[in-house]
1. At pLDDT 95 or above, within 12 Å of chain A (Cβ to nearest Cβ) and touching a Lys or Arg at 6+ places or on another chain (Cβ under 8 Å): is that true of residue B:276 in this structure?
2. Being open to solvent by 50 Å² or more (accessible area, probe 1.4 Å) and within 8 Å of chain A (Cβ to nearest Cβ) is the filter; apply it to region B:258-273 and report the residue that is nearest to residue A:340 (Cα to Cα).
3. Could you list, in sequence order, the residues of region A:302-355 that are touching a residue at least 60 places away in the same chain (Cβ under 8 Å), of a type in the set (Asp, Glu) and within 14 Å of chain B (Cβ to nearest Cβ)?
4. Could you please give the count of residues in region A:187-210 that are part of a helix (DSSP H, G or I) and open to solvent by 50 Å² or more (accessible area, probe 1.4 Å)?
5. For region B:334-353, what are the residues that are surrounded by 11 or more Cβ atoms within 10 Å (Cβ to Cβ), more than 18 Å from residue A:264 (Cα to Cα) and not hydrophobic (A, V, I, L, M, F, W, C)?
6. Just need a number here: residues in region A:24-59 that are among the polar types (S, T, N, Q) and buried (at least 24 other Cβ atoms within 10 Å of the Cβ).
7. Only one of B:92, B:107 is open to solvent by 10 Å² or more (accessible area, probe 1.4 Å) and of a type in the set (Ser, Thr, Tyr). Can you tell me which?
8. Restricting to region A:4-18, name every residue that is within 18 Å of residue A:307 (Cα to Cα) and surrounded by 14 or more Cβ atoms within 10 Å (Cβ to Cβ).
Protein chains: 2
Amino acid sequence: MNIYEFLSTPLESCQRTGPHDGVVLSSRVRLARNLRAVPFPGRAKKSERVKACEIIRKGVEELPEMIGAFADSMEHFDVTDKQVLVERHLISREHAAKSAGSGLVLSRDETLCVMINEEDHLRMQSLQPGLQLKKAWQAIDEVDSRLETKLDFAFSSDLGYLTACPTNLGTGIRVSAMLHLPGLVLSEHINQIIQSVTKLNHAVRGLYGEGTEALGHVFQVSNQMTLGESEPDIVERIHKVLLQIIELEMNARTKMLQTKPKVFFNHIGRAYGILAHSHSISSKETMNLLSLMRLGVGERMFPGVEKALLDELFIVTQPAHLQKQFTDKLEAEERDILRADMLRDRLKKVAGPVIPA
Amino acid sequence: MNIYEFLSTPLESCQRTGPHDGVVLSSRVRLARNLRAVPFPGRAKKSERVKACEIIRKGVEELPEMIGAFADSMEHFDVTDKQVLVERHLISREHAAKSAGSGLVLSRDETLCVMINEEDHLRMQSLQPGLQLKKAWQAIDEVDSRLETKLDFAFSSDLGYLTACPTNLGTGIRVSAMLHLPGLVLSEHINQIIQSVTKLNHAVRGLYGEGTEALGHVFQVSNQMTLGESEPDIVERIHKVLLQIIELEMNARTKMLQTKPKVFFNHIGRAYGILAHSHSISSKETMNLLSLMRLGVGERMFPGVEKALLDELFIVTQPAHLQKQFTDKLEAEERDILRADMLRDRLKKVAGPVIPA
């Protein structure tokens, strides 16, 4: 089975709900682990990587959580399928660049995903919709405990888990959430928030992680420190920070609606107008406009329209997902036209925004 | 009667039709004349201007063409009313800055308009919808002949009519047309056309004449030379140039529709989408987007919608016309909101663009 057939449809994946999902798109906990007896992937010979990949893949596939999982070596994915996985936030852009000697195991429900031989031998991650960091942590902690009985992880009693990059040393944990923050962006408070969050030793990144843009007003917030604190403490600390950001975002939306309603409606009306009537539109513009419509849905400006529609369009209009809907290889210019055609078609039944009562 | 009450409604004024009015918004011929015995307005003392203004106004008001005309001295117009006249292209921005000692006479049907003590003692102009330069010339020529029997114009047998600025010397004629050229702008041929027209000794200017922007893709084309050629020859020469520009514009539209239909539809769809759904919009953006919708109407993309609707919106969304619809003095920001409210309301019944068969 091809990975694209294995994956839930974009609509199915967007219908998963969770707490605070008006702001928190998803929660993620990932653990970095390495085998004691094998050099880190960046240092290992190809034969060592291939062998390690086989051992790890077997261990992961045997987990009860992985019944019915999808597992394959990275050389069996074509460029578009790899990009589809990136657009779904299931693998990193770095992992998408890997080939033989690297692999992927993805659970049937898509909540558990193990990248093999990315930067570390194992990057195992647990995903949940909305703000559910503890649940995500518990799930990945269980996977980790089970794997530890089968695989010999590189661990130092002084330093903790050893990782390719020292920023992951110790717990090897990265706890993160994807946040939709159009209110803080439009009210121009976002930079101030980013500074505060950074001072609290958390990192704020763009839609596709480190060094990427916050397209669609989506930001990733994650812990910076992996040493000197227990995993539950790290999870708890970031959970509290996220609750604060959620409150700030909701306040920013409410305040803008109260003090600058016309500016607010103007953003959302124009976003709808362009999305529903353009005949050529880039992926980037689409994300930013869908984000504004999503904000409008949250403020009851599109009666009868579900957030899931916008989230689905956010996925299916991205380059690889768009390409999957056509057999011929599309150039960027053709994609812009087909993306606009799709948006006009899908928004045909959606009436223009109304001013909320 | 206030000038605003005297004027036709914007809708009435936009329902006047003429040949080639898909491209030529209006034709105009103006003659510059001065009294022999009085210094040019820029040189005359106020008392001389006031006296000359009275004499001229009396002469003009007595013309049979001016039965039922509106006549007044410029100090009796408030700033908004003056700006309304500028937005209707009935007086120049320079004349709007005048006060006591300058005046205006406007015929009942608004086709004849005499500015008194603008740069010259008389700037008399004839206006017609569409391409009707000869008709406009004949009308103003008749006014000129009649006035000449009553007023002693400064005339030299060597130089012709004397004018304040030497660029008007001789015939004192300025023949011009307002052209809507979105096809040439979008296809990026406009600069080439402007160069060619300039080489033929014609001037190309923006929406409000010399030194103004071509807002809404509207350009004024006029003769440069006023000496050495008879008036009918000047009219005939510019008429031929305009016919060529009309053809180039229509070809540009057709070619763009054939070779880049998606780019074409994209411009028009987005223009409609923004106009129909924004909650704040500047006058400049409005003009440019209405221009694109007007182009769409010409290509049957808005079945049932008349050009006149767009032309009317083009007028009523301009600052002074917008101000006239409200009693309180509006700030620019308030105008942007009220303009958007008006556009959303007026376009509520207009469905989005369709791709022409």
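The values are calculated or read from the model by the stated rules, or taken from the named source; none is laboratory data. Worth saying up front: this structure is predicted, and the values here are computed from it rather than measured. All Cβ positions, glycine included, derive from the backbone under ideal geometry; neighbour counts span all protein chains shown. Only protein heavy atoms, including side chains, enter the accessible area calculation; ligands, DNA and RNA are left aside. Shrake-Rupley method; radii C 1.70, N 1.55, O 1.52, S 1.80 Å.
1. Yes.
2. So, considering only residues that are open to solvent by 50 Å² or more (accessible area, probe 1.4 Å) and within 8 Å of chain A (Cβ to nearest Cβ), the one nearest to residue A:340 (Cα to Cα) is B:262.
3. A:341
4. Total meeting the criteria: 6.
5. B:346, B:352, B:353
6. 2
7. Testing whether each residue is open to solvent by 10 Å² or more (accessible area, probe 1.4 Å) and of a type in the set (Ser, Thr, Tyr) leaves just B:92.
8. A:8, A:10, A:11, A:13, A:14, A:15, A:16, A:18
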